Amino acid sequence: MFAVLIPAPAAFAQSGELQLTKSEVATIVKGTGGWVALTWTAAGGDIAGVRMTVVSQTKGVDVTYPANTGDHVSLWDNDTLVDGELDFTAFYLDVDETVNGKDAKLRVEVEMVIDGKRATDNFTVKVPVVAHSGASIEQVTDDAGTVPAGESRWVEVAFTGLAPTTSNVSTAVSASGLEIAYPGEGVSTSLHHDAQLDFGETDVVRFLVDAESTEPGNYRIDLETSFDGGSVPGVVSLEIVSSS
Amino acid sequence: MLALVLTACGASSTIEAALPDISALSSTDQALVRFEAQWLCDVQRHAYSDLSDMDAARSQLMNGFGVAPATYDDFKLQLESDGELRGHVSDAYMFNCGS
């Protein structure tokens, strides 16, 4: 008779916490769809049996899962995250032309096993949505957020590529009443990851707003984004807030 | 935290993050750590027309880093048991993608 040795299940010594590294997926153009990803990690311990359902909170946005999971989605590699591991989940979003505004919302409902016990958690995720104006790239960010008066902060403006490839993207910024500086003391700013946007790719330009001696209030920042074969103007708002 | 000015890979930006030191790793593991961090960052910045496009994008990036698929598969297995290596990937990911 053979002795059959069954390996013991992996021990989960500490309680893990599921964390979403960024609560925003790639931009989707209205009237289209795309497979998007969310990257997750486990902090402080291991997590097993990860199973997610993604619920649209915005009318006109539909979610589809990969064919092999059907009514839910798990992580890309497997359904487990060991402490500190990164993995992502992928699902398809279909965004109707009629979707209002520039942001859609999703709720990701997660079932998992932590310390041998079932656990649940929910996460809210933003879906940036843009209308295609016919340009090679579309500005995604309308509101650059806030900078406290008396401080300097890097702010981001996101762009999405709508042509197969858009090269040498750079943005120059002007704003009445605000002091702006570019990375590397340049005369413009480029995309963070590289100077090119592929179709469906979202990337950000960053510039420094020096509000050391700026009065609180709402400011308009004009953008001129150039690339091989063209350029597009843009506007983004920024609020300088009183320091507490 | 120190603000670093980045000029690598054509990018020019300043972010608040610590540049991970992975010089103690083998050159192969350094490439694998950088690839994995970059891939996990890239996949979240793109909307893909087809699920197979994700695999194609990963293969293309893998080629760019000089990483062979079999080597990557071994690396993924190693990651499951090597917390320090996972830490290097996590640090590199946050350095590339943290905002």
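Per-structure values
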{"item": "Exposure proxy order (Cβ contacts within 10 Å, fewest to most) of B:TYR93, A:TYR65", "result": "A:TYR65, B:TYR93"}
{"item": "Shape of the stretch A:4-130, Cα gyration tensor, a/c cut at 1.5", "result": "prolate"}
{"item": "Over the stretch A:190-244, relative contact order from alpha-carbon pairs under 8 Å, at least 6 apart, %", "result": "28 percent"}
{"item": "Entries of A:LYS126/B:LYS76; A:LYS105/B:LYS76; A:LYS30/B:LYS76; A:LYS30/A:LYS126 with Cα pairs more than 25 Å apart", "result": "A:LYS126/B:LYS76; A:LYS105/B:LYS76; A:LYS30/B:LYS76"}
{"item": "Per-residue Cβ neighbour rank within 10 angstrom, fewest leading, A:ASP62, B:ASP53", "result": "A:ASP62, B:ASP53"}
{"item": "Dimensions in Å of the protein assembly as shown - Rg and Dmax from alpha carbons", "result": "21.4, 86"}
{"item": "Cα gyration tensor category, rounded, prolate or oblate, for the stretch B:55-94 with a/c compared to 1.5", "result": "oblate"}
{"item": "Proxy reagent accessibility, fewest Cβ within 10 Å first, across A:THR214, A:THR165", "result": "A:THR165, A:THR214"}
{"item": "Global geometry of the stretch A:68-180, whether rounded, prolate or oblate, following the gyration tensor of its Cα atoms and the 1.5 cut on a/c", "result": "prolate"}
{"item": "Residue-span extension gain [A:ALA135 to A:GLN57] - 0.36 nm each, minus C-alpha spacing", "result": "25.2 nm"}
{"item": "Alpha-carbon centroid distance for the pair the stretch A:200-244 / the stretch B:42-67, whole angstrom", "result": "30 Å"}
{"item": "Rounded D (µm²/s) - the stretch A:98-244, Kirkwood Rh over Cα pairs, Stokes-Einstein at 20 °C, 1.002 mPa s", "result": "125 µm²/s"}
{"item": "A:ARG220 versus B:ASP55: modelled label distance in nm, points set 7 Å from Cα along the beta carbon direction", "result": "5.1 nm"}
{"item": "Under 5 Å, built H, 5+ apart or other chain: amide partners of A:LYS105", "result": "A:GLN57, A:THR58, A:VAL127"}
{"item": "Projected label distance in nm at A:ALA149 and A:THR165, using a 7 Å step from Cα toward the beta-carbon", "result": "4.9 nm"}
{"item": "Net charge, A:ALA131 excluded, C-beta distance under 15 Å - Lys, Arg +1, Asp, Glu -1", "result": "-3"}
{"item": "Long-range HN-HN contacts of A:PHE207 with modeled amide H, under 5 Å", "result": "A:VAL155"}
{"item": "Test item: A:37-46 mean partner chain Cβ contacts at 10 Å", "result": "3"}
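A short reminder: the numbers here are calculations on the coordinates, not readings from a lab. Computed from a prediction, not measured in an experiment: that's the story for all the values here. Note that we place each Cβ from the backbone using ideal geometry, even for glycine, and neighbour counts take in every protein chain shown.
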